[in-house]
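Notes for the one structure printed next.
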Amino acid sequence: MDHSLTVHKTETGLEGWLLFDGDMTMVEAQETAQTLFAAILEVNTLNVDLQHVGAVDVSLIQLLCSAHRECFLSGKTIHIVSGANEAIRQLVERSGYCKQLGCLSGAKEGCLWQTCKMDMQ
């Protein structure tokens, strides 16, 4: 798995784009987690670009949910961008996360997957 983080200063603070490329399965979970949480420390808003990700499994969803919770607790924002990535769309649908109601009471975005129909396109 390859990744890169680009950070830009905006009117609302630092915004980062974290681009992942390659597989994101249990095998890469530790590296994925380290990368996600290091990026969260650097920015106020994190956009996680998964458009070029290959194989995925439920460990990716678990890591993204954990990252979302960390952002919520630290007053930050995270967005998932997956474009037309069919593997991620199918994973979210098959695992039952799509259209889930907000998982964090009072979270700005509710749940990452609450708007998956818009974000997953």
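No lab work stands behind these numbers, since they all come straight from the coordinates. Quantities reported herein were computed from a predicted structural model and do not represent experimental measurements. Here Cβ is always computed from backbone atoms with ideal geometry, including for glycine, and neighbour counts include all displayed protein chains.
For the pair residue 34 and residue 74, label points projected 7 Å from Cα toward Cβ lie 1.7 nm apart.
In this label model, residue 4 and residue 42 are separated by 1.2 nm, measuring between points 7 Å along each Cα→Cβ vector. Amide H contacts for residue 50 (H built 1.01 Å from N in the peptide plane; partners 5 or more residues away or on another chain; cut-off under 5 Å): 81, 82. Taking other Cβ atoms within 10 Å as a rough exposure proxy, 69, 89, 94 sort from fewest to most as 94, 69, 89.
Residue order for 5, 60, fewest other beta carbons within 10 angstrom first, comes to 5, 60.
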